Structure formats: C-alpha cells, structure tokens
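All remarks here apply to the structure that follows.
FYI, it's all coordinate maths here, none of it is from the lab. Everything numeric here is computed off the predicted structure, so don't read it as measured data. Here the Cβ positions follow ideal geometry from the backbone for every residue, glycine too, while neighbour counts run over all protein chains shown.
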Amino acid sequence: MNGTDDFAVPHPDDQDIAASLHDPIADLDGNAAAGALSELFRIDIIAALGRCRHCGSVRAFGEAMVFADAPGIVVRCRKCQGVLLRLVETPTRYWLDLSGLSYLEINRDE
C-alpha cells in the first residue's frame, strides 16, 4: 500500500476482492450498509468514528468503501482498502465480523 487513496492491489491473504488495477470493483460509500446495519444497531452508524486496525486511519463510517455484490456486505477502509467489517445475513441469523476495526466510537447525543 502506498498510503494514498488511489486504488491499491489487495493483499494476497485478502481474497474477498477480486480486482486488478485495470478492472477495479466499484464501491459505494458507508451509507450503502446503513440499512442492513440498522437492523443490528439502534443507532445511526454512519456518523460513528471507526479506527482501521490495518493503517490506523480514523474516519466516519459513512466514508468507508462498501462492496455489496458479495454474498454479504464487505466494508473497507477508504485509505488502505483493509477490511473493516463483513456482514452476512441468512434467513435465521446475522454473521458480523468487526475484526478490522480497533474501535467504533458512537456519539450518544445524535
């Protein structure tokens, strides 16, 4: 990773993105995950601040890159493209992986 917001080649151990420099996968912003996440959280997660475990960047969740064309939703850091969150919904349960976030700061006043 070069530390810029330019498209970067994914790490070899990060196989949930199958793209190349000439054929990147289109992403949405964090608002695209708001509907699915609102079923799990009572708060508006879009304004929450999250710290990327991969690069240390702290940004509003709404700025993240969302890839919704997978079996679930994959949310990536806008700075380094590291995976922040994965959400898969089945008819009977949700599977939520937040291991790419060091923390998620939620303002209780909003």
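Observations
- Each Lys and Arg adds +1 at its Cβ and each Asp and Glu adds -1 at its Cβ; summed about the Cα centre, the stretch 64-110 shows a dipole of about 180 debye.
- The stretch 63-110: trypsin sites (Lys or Arg not before Pro) in DSSP coil with no more than 15 other Cβ atoms inside 10 Å: Arg93, Arg108
- A cut-off of 5 Å between modelled amide H atoms, ignoring neighbours fewer than 5 places along the same chain, links Ala64 with Gly30.
- What the phi angles of the stretch 56-67 give under the Karplus curve with 6.51, -1.76 and 1.60, with θ = phi - 60°, is a coupling list of x, 5, 10, 8, 5, 4, x, 8, 5, 8, 10, 10 Hz, glycine and proline written as x.
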